[in-house]
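Encoded as structure tokens, the structure appears first; notes follow it.
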Amino acid sequence: QDSGKYKGVIEDCCCDYESVDSVNGEVLHPLLQELVTTPFFRYFKVKLWCDCPFWPDDGMCRLRDCSVCECPENEFPEPLKKPFLYGLPADDVACQEGNPQAAVDRTLDSRAFKGWIETDNPWTNDDETDNDEMTYVNLLLNPERYTGYVGPSARRIWDAVYSENCPKYPSGEMCQEKKVLYKLISGLHSSISIHIAVDYLLDESTNKWGQNPELMYDRVLRYPDRVRNLYFTFLFVLRAVAKAADYLEQAEYDTGNHTEDLETQSLVRQLLHNPKLQAACPLPFDEAKLWQGQSGPELKQQIQKQFRNISALMDCVGCEKCRLWGKLQVLGLGTALKILFSVDGQNQPSESLQLQRNEVIALVNLLNRLSESIKYVCEQGPSIEKTMERQ
Ligand code: FAD
């Protein structure tokens with residue numbers, strides 16, 4: 001594998017690009033790809049139809065592909081026992097697109113996913129304790145890809161995220177914590193753009209999908225800091241998963257299918273105790289360096305509020321599928337922040353960590369998305385850059 005121009009230690013992290021590329025390609029990516037197809041990790045509970053708290057709804061989406069295919073009522077719990085649905089394209093599955101009233105099998109809460117706590121996450125705006133209009137989405141049937149969501153509506157969200165909640169730090173900015181927030185969001189933004197570029201509608205008339213290398217170059221590769229921020233976000237989330245290892249190892253992944261649930265548990269263990277990962281990158285990010293000064297607690301409150309605002313902005317995303325993945329990934333980041341920076345601003349010992357089921361699902365699915373993006377950049381970035389820079 002050619003890591004291209006990204007070499008040496010990743011800024012503010014403790015591992016180098018080459019090690020991350022190789023351990024991701026050999027170990028993490030294959031493991032995560034399998035983990036996210038397990039019954040526990042492929043259903044995400046989400047409130048998709050909510051009012052934007054900042055401005056009136058401007059739902060703007062050109063393509064049918066914006067819609068989320070909800071889990072039909074009869075999908076539960078039977079399909080949890082019948083893995084044959086896994087690889088089917090969305091069109092082959094009965095789908096209740098864009099219907100806020102779609103029935104949700106709430107018995108799933110008590111039967112299939114028992115043993116999980118319900119507490120608020122101070123870093124995020126929404127949580128699964130609020131059952132009103134919550135629905136389950138099968139993530140495998142709703143891949144993150146190009147949806148046609150472009151223009152002022154999408155632009156307004158990113159503008160609000162960056163300008164009001166995590167402004168790009170000036171070069172020479174010393175406040176490490178503010179840098180972290182900006183880099184996390186920018187890294188996530190890079191990953192979203194990469195997924196759009198990798199699964200793009202090339203020809204609307206023939207419905208031909210494929211890769212759009214120009215888009216990947218224009219939005220991400222030509223800006224080295226966006227690529228660096230992607231690696232940073234990946235390592236940050238990886239560190240959170242490692243820090244929560246005790247909790248994640250003991251958690252219940254019970255969905256009613258003993259064989260599949262054992263497999264889920266085994267995959268989680270392989271992720272948490274991976275000798276290759278530990279050798280390549282023993283401490284992906286050192287959170288102990290943050291919030292040290294006198295203003296630490298105050299700064300943490302300020303950054304927590306900014307992140308909560310970003311989480312609330314996800315309700316303003318005017319395209320269902322983008323909102324789904326936006327909410328999931330921001331919840332995943334909020335979960336990583338909660339794990340690394342304690343629950344309420346005090347440095348609580350990790351034994352007291354409590355996570356919601358949905359937080360764990362979001363965390364692992366986010367890590368998988370970032371891992372996919374890193375793999376694309378590592379494998380295809382150098383040749384795309386060469387081609388584009390020759391033109
Ligand atoms: P945008 O990606 O909208 O970027 C806006 C501005 O932000 C850029 O001009 C640049 O100044 C800055 N910027 C861009 N990337 C970075 C970065 N990595 N770091 C720092 N600054 C940056 N569209 C889909 O097709 N599918 C999806 O699944 C999808 N999900 C979305 C989820 C969310 C939460 C949001 C807000 C939008 C989503 N979109 C999705 C829309 C998509 O992200 C773009 O907004 C859209 O494609 C228009 O792109 P653009 O070229 O105008 O640049």
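The values are calculated or read from the model by the stated rules, or taken from the named source; none is laboratory data. Just so you know, these numbers come straight off a predicted model, no measurement behind them. Note that each Cβ is placed from the backbone with ideal geometry, even for glycine, and that neighbours are counted across all protein chains shown. Side chains are part of the model used for accessible areas, which takes the heavy atoms of the whole protein and leaves out ligands, DNA and RNA. Shrake-Rupley method; radii C 1.70, N 1.55, O 1.52, S 1.80 Å.
Brief remarks on what is shown
- Pairs are defined by a Cβ separation below 8 Å, a sequence spacing of at least 6 or placement on different chains, a first member in region 274-290 that is touching a residue at least 24 places away in the same chain (Cβ under 8 Å), and a second member that is charged (D, E, K, R) and in a loop (DSSP other than H, G, I, E, B); the pairs so defined are F285/D12.
- Verdict on Y162 being surrounded by fewer than 17 Cβ atoms within 10 Å (Cβ to Cβ) and within 14 Å of the ligand (Cβ to nearest atom): yes
- Checked against (1) open to solvent by 50 Å² or more (accessible area, probe 1.4 Å); (2) assigned to a helix (DSSP H, G or I); (3) under 30 Å from L290 (Cα atoms), L140 passes all but condition (3).
- Checked against the criteria, L277 counts as assigned to a helix (DSSP H, G or I) and out of contact with any strand residue (DSSP E or B) (no Cβ under 9 Å at 6 or more places or on another chain).
- Of all residues in region 168-180, one or more are touching a Leu at 6+ places or on another chain (Cβ under 9 Å) and either near the ligand (Cβ under 7 Å from one of its atoms) or modelled with pLDDT of 90 or more (or both).
- Among residues of region 348-387 being outside any helix (DSSP H, G or I) and of a type outside the set (A, V, I, L, M), the one that is least open to solvent (accessible area, probe 1.4 Å) is Q356.
- Pick from region 123-137, criterion in contact with a helix residue (DSSP H, G or I) (Cβ under 6 Å, 6 or more places away or on another chain) and away from the ligand (no atom under 16 Å from the Cβ), ranking: modelled with the lowest pLDDT: E128
- Listed by position, the helices (runs of 4 or more DSSP H) contained in region 176-252 that have at least 3 residues being open to solvent by 50 Å² or more (accessible area, probe 1.4 Å) and under 26 Å from N309 (Cα atoms) are 224-243.
- Tally of residues being open to solvent by 10 Å² or more (accessible area, probe 1.4 Å) and either touching a Phe, Trp or Tyr at 6+ places or on another chain (Cβ under 7 Å) or not in a helix (DSSP H, G or I) (or both) across region 319-337: 1
- Matching residues, region 44-58, being closer than 22 Å to N142 by Cβ, modelled with pLDDT of 80 or more and not hydrophobic (A, V, I, L, M, F, W, C): K45, K47
- Residue within region 207-228 that is closer than 22 Å to V27 by Cα and within 16 Å of the ligand (Cβ to nearest atom) present: yes
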